[in-house]
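The values are calculated or read from the model by the stated rules, or taken from the named source; none is laboratory data. Since this is a predicted model, take the numbers as computed values, not measurements. Glycine gets a Cβ as well: all are built from the backbone with ideal geometry, and neighbour counts include every protein chain shown.
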Amino acid sequence: MLFPRAVLPSLLHLTPEWLASRGLKGVILDLDNTLLPYGEEALPPEHEAWLKGLREAVPIYLLSNAMPERFARLQAKLGLPGHAPALKPWLGFRRALRALGLPPKEVAVVGDQVFTDILGGNLVGAYTVLVPPLKEREFFYTRFIRMLETPFRRTKGESA
Ligand SMILES: [Mg+2]
């Protein structure tokens with residue numbers, strides 16, 4: 001449940017071709033430290049170009065544990081469906097799947113955290129994709145969580 005189906009060296013490796021070759025037709029995307037650095041509100045330029053290409057190919061749903069005001073600002077800027085706070089890993093994924101109108105096995109759940117994005121995506125039977133975090137948070141709590149995540153930051157054996 002904690003192992004991702006795939007581990008990518010960066011978000012930019014998640015291309016329409018990569019998705020299509022795995023039968024994936026939609027994406028549930030994490031926001032903080034996946035699409036943009038934690039706590040910031042501007043996308044890195046290369047992510048902006050990446051997002052433009054991806055959203056032309058497949059529907060994207062933003063699922064974030066961010067605070068609602070900040071999420072609303074970002075969502076308005078990006079113009080994508082989504083909701084926050086999602087209370088990942090337990091809540092939010094089924095609502096996201098319903099919004100996409102796709103069965104779980106046709107949806108990639110993409111994020112930087114094992115215990116929220118990957119666990120939550122695996123629990124609903126989606127295709128989970130782990131990417132490296134954009135910016136490490138300095139909080140002790142997050143460093144502790146990262147340490148617990150370390151054994152799971154790889155696929156379970158079969159390469160995806
Ligand atoms: Mg994140």
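If the requirement is being surrounded by fewer than 21 Cβ atoms within 10 Å (Cβ to Cβ) and under 13 Å from the mean Cα position of the chain (by Cα), which of these qualifies: LEU62, LEU2, LEU12?
Unique residue meeting the criteria: LEU12.
Of ALA57, ALA66, ALA84, which residue is away from the ligand (no atom under 13 Å from the Cβ) and among the hydrophobic types (A, V, I, L, M, F, W, C)?
ALA57
Would you mind finding the one in THR150, THR116 that is β-branched (Val, Ile, Thr) and buried (at least 20 other Cβ atoms within 10 Å of the Cβ)?
None of the others qualify; the one that does is THR116.
Looking for whichever is within 12 Å of the ligand (Cβ to nearest atom) and in a loop (DSSP other than H, G, I, E, B) here; the options are GLY39, GLY23. Which one fits?
GLY39
Which ones in the stretch 77-122 are aliphatic (A, V, I, L, M), at pLDDT 95 or above and farther than 21 Å from THR150 by Cα?
Residues satisfying the conditions are LEU78, LEU80, ALA84, ALA96, LEU97, ALA99, LEU100, LEU102, VAL107, ALA108.
Scan VAL124, VAL110 and give me the residue that is of a type outside the set (Ser, Thr, Tyr), in contact with a helix residue (DSSP H, G or I) (Cβ under 9 Å, 6 or more places away or on another chain) and crowded, with 24+ Cβ neighbours inside 10 Å.
Among VAL124, VAL110, only VAL110 is of a type outside the set (Ser, Thr, Tyr), in contact with a helix residue (DSSP H, G or I) (Cβ under 9 Å, 6 or more places away or on another chain) and crowded, with 24+ Cβ neighbours inside 10 Å.
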